[in-house]
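Asker: Before anything else, here's the structure in question.
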């Protein structure tokens, strides 16, 4: 198990490529680059990246477990998401403050509350698909983005009416620009005039803050606030152990964090699900039969397998607070350690025939917490993982109930980087035929 040490530094193999070349490759084609480096150097190697500096990339299950279970006295958060989302974001917090915030955020995303959100998801799926064309190929990604955005705005933000409409228009642009800023140097976030990326992002953020301030004011004046189940209402009522409340500014940052972490990533996974199912007609037929019979086991396993074979986030990182042992290595203080999600999922040590798309591998065999890591792991595992899984399960179940999907022998869609997330390059193209004409728009 990892621990602080005074042993001599012993780093994984160093990639001897110019720093700038490493940085460009990491930004533009990180999944491909990490895969190639893994085949050459093994399950651990050392990069020298712009912004991050010396970076250790790992993918061995035992080492991943060691990192995820390591004391927060030894490792802390890494990355720039917090700088983009705000100081009150979970991604900006560390140590005791981070643990206290997670404690307040866990209840809204577990247990019976998940069931309470299911009808919102199904309503949004039916609303979005009511005008889907039949028999004509189109990209699923835009629809999935609208479904997940609207579901989060209703279930998490408690938004409706004019505020809902304004956030629907604002947030897709805001999240996309923030996603791009995350992979750029910090200087790119500065205000160099009204046309600079930093100034444009700040203008959007100012508008967002005004809308959230209005939602918070409306919620506080709502006589039914104690009965509301949206996450905003729950955060307003939440109290730390000392009786203090989360500040309004931090609530705004946290709501944006939940949206940024759950909207695009969930929509992208659903688009990949559509892309995968079209190329596996036997699985598609089995899924339709299961949904008709009221089952969910294969549907859930399919979502697990899509997340394994097409992870939309390439990695999750920590930074060492002290010199530590990690596996056979001794890592110095201040080093970023990145778990390559794609490499973990593609490892033949973790999965038989890992390149094969096979949901049956998860039937009666739930994912391992250190070999299946689309939500990260340890104390920084995505707080909204249960919500995202429920959202995908309800969406896929509803789509299979309402539509038959046309299949294809076309090659798989390539990965396209959208900044933080990797999406199907053609948007997850599908062809559908309605099974239930009653839900179509007249």
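Asker: How about region 317-345: which of its residues are over 18 Å from residue 14 (Cβ atoms), outside any helix (DSSP H, G or I) and touching a helix residue (DSSP H, G or I) at 6+ places or on another chain (Cβ under 7 Å)?
Answerer: Answer for region 317-345, where residues must be over 18 Å from residue 14 (Cβ atoms), outside any helix (DSSP H, G or I) and touching a helix residue (DSSP H, G or I) at 6+ places or on another chain (Cβ under 7 Å): 318, 339.
Asker: Let me ask something additional. Tell me, which residue of region 38-62 that is assigned to a loop (DSSP other than H, G, I, E, B) and touching a residue at least 40 places away in the same chain (Cβ under 8 Å) is nearest to the chain's Cα centre (by Cα)?
Answerer: From region 38-62, those assigned to a loop (DSSP other than H, G, I, E, B) are 42-43, 50-52, 59-60; that's our starting set.
Adding the requirement that they be touching a residue at least 40 places away in the same chain (Cβ under 8 Å) leaves 43, 50-52, 59-60.
Values: 43: 23, 50: 24, 51: 22, 52: 21, 59: 19, 60: 22 Å.
The selected residue is 59.
Asker: While we're here: Could you check region 277-316 and list, in sequence order, the residues that are assigned to a loop (DSSP other than H, G, I, E, B) and touching a strand residue (DSSP E or B) at 6+ places or on another chain (Cβ under 9 Å)?
Answerer: Residues of region 277-316 assigned to a loop (DSSP other than H, G, I, E, B): 279-280, 293-296, 310-312, 314.
Correct list: 310, 311, 312, 314.
Asker: Would you mention how many residues in region 346-367 are buried (at least 19 other Cβ atoms within 10 Å of the Cβ) and outside any loop (DSSP other than H, G, I, E, B)?
Answerer: 2
Asker: Please specify each residue of region 2-37 satisfying the condition of being part of a loop (DSSP other than H, G, I, E, B), touching a residue at least 40 places away in the same chain (Cβ under 8 Å) and in contact with a strand residue (DSSP E or B) (Cβ under 6 Å, 6 or more places away or on another chain).
Answerer: 2, 5, 7, 9, 11, 12
Each row is one residue, and each column tells you yes or no for (1) modelled with pLDDT under 95; (2) within 22 Å of residue 385 (Cα to Cα).
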| site | (1), (2) |
| --- | --- |
| 261 | yes, yes |
| 265 | yes, yes |
| 290 | no, no |
| 299 | no, yes |
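Asker: Taking the stated definitions as given, is residue 233 out of contact with any strand residue (DSSP E or B) (no Cβ under 8 Å at 6 or more places or on another chain) and at pLDDT 95 or above?
Answerer: Criteria not met by residue 233.
Asker: Of these, 296, 265, 273, which one is closer than 29 Å to residue 209 by Cα and in contact (Cβ under 8 Å) with a residue 60 or more places away in the chain?
Answerer: Being closer than 29 Å to residue 209 by Cα and in contact (Cβ under 8 Å) with a residue 60 or more places away in the chain holds for just one of 296, 265, 273, which is 265.
Asker: Something else now. Restricted to region 106-123, and to residues that are in a helix (DSSP H, G or I) and free of Cβ contacts under 8 Å to residues at least 24 places away in the same chain, which residue is surrounded by the most Cβ atoms within 10 Å (Cβ to Cβ)?
Answerer: 123
Asker: Separate question: Identify, by number, the condition in (1) closer than 30 Å to residue 247 by Cα; (2) crowded, with 17+ Cβ neighbours inside 10 Å that residue 34 doesn't meet.
Answerer: So residue 34 meets the others, but not (1).
Asker: Please state which of the following conditions residue 228 fails to meet, knowing it meets all the rest: (1) surrounded by 14 or more Cβ atoms within 10 Å (Cβ to Cβ); (2) more than 21 Å from residue 386 (Cβ to Cβ); (3) more than 23 Å from the chain's Cα centre (by Cα).
Answerer: Single failed check for residue 228: (2).
Asker: Can you confirm whether residue 337 is buried (at least 23 other Cβ atoms within 10 Å of the Cβ), in contact with a strand residue (DSSP E or B) (Cβ under 8 Å, 6 or more places away or on another chain) and farther than 29 Å from residue 112 by Cα?
Answerer: yes
Asker: Of all residues in region 279-289, count the ones that are surrounded by fewer than 22 Cβ atoms within 10 Å (Cβ to Cβ) and in contact (Cβ under 8 Å) with a residue 40 or more places away in the chain.
Answerer: Qualifying residue count, region 279-289: 6.
Asker: Step by step: first the residues of region 370-380, then only those that are in contact (Cβ under 8 Å) with a residue 24 or more places away in the chain and not in a helix (DSSP H, G or I), then the one that is surrounded by the most Cβ atoms within 10 Å (Cβ to Cβ). Which residue is that?
Answerer: By that ranking, first place goes to 373.
Asker: Just to verify a result, which residue in region 124-142, among those that are in contact with a strand residue (DSSP E or B) (Cβ under 9 Å, 6 or more places away or on another chain) and not in a loop (DSSP other than H, G, I, E, B), is nearest to residue 272 (Cα to Cα)?
Answerer: 141
Asker: Further question on the same structure: Within region 237-252, which residues are in a helix (DSSP H, G or I) and in contact with a helix residue (DSSP H, G or I) (Cβ under 6 Å, 6 or more places away or on another chain)?
Answerer: Restricting attention to region 237-252, the residues satisfying the condition of being in a helix (DSSP H, G or I) are 237, 248-252.
Correct list: 248, 251, 252.
Asker: Okay, next question. Give region 405-416 a look and list any residue that's in a strand (DSSP E or B) and in contact with a helix residue (DSSP H, G or I) (Cβ under 7 Å, 6 or more places away or on another chain), or say none.
Answerer: 405, 415
Asker: Okay, moving on. Hey, does region 427-437 have a residue that's over 22 Å from the mean Cα position of the chain (by Cα), crowded, with 20+ Cβ neighbours inside 10 Å and modelled with pLDDT of 95 or more?
Answerer: yes
Asker: Is there a residue in region 89-105 that is over 21 Å from residue 376 (Cβ atoms) and exposed (fewer than 14 other Cβ atoms within 10 Å of the Cβ)? Steps first, please.
Answerer: First, the residues of region 89-105 that are over 21 Å from residue 376 (Cβ atoms): none.
No: region 89-105 contains no residue that is over 21 Å from residue 376 (Cβ atoms) and exposed (fewer than 14 other Cβ atoms within 10 Å of the Cβ).
The values are calculated or read from the model by the stated rules, or taken from the named source; none is laboratory data. Since this is a predicted model, take the numbers as computed values, not measurements. Counting neighbours? That spans all protein chains shown, and the Cβs are built from the backbone with ideal geometry, glycine included.
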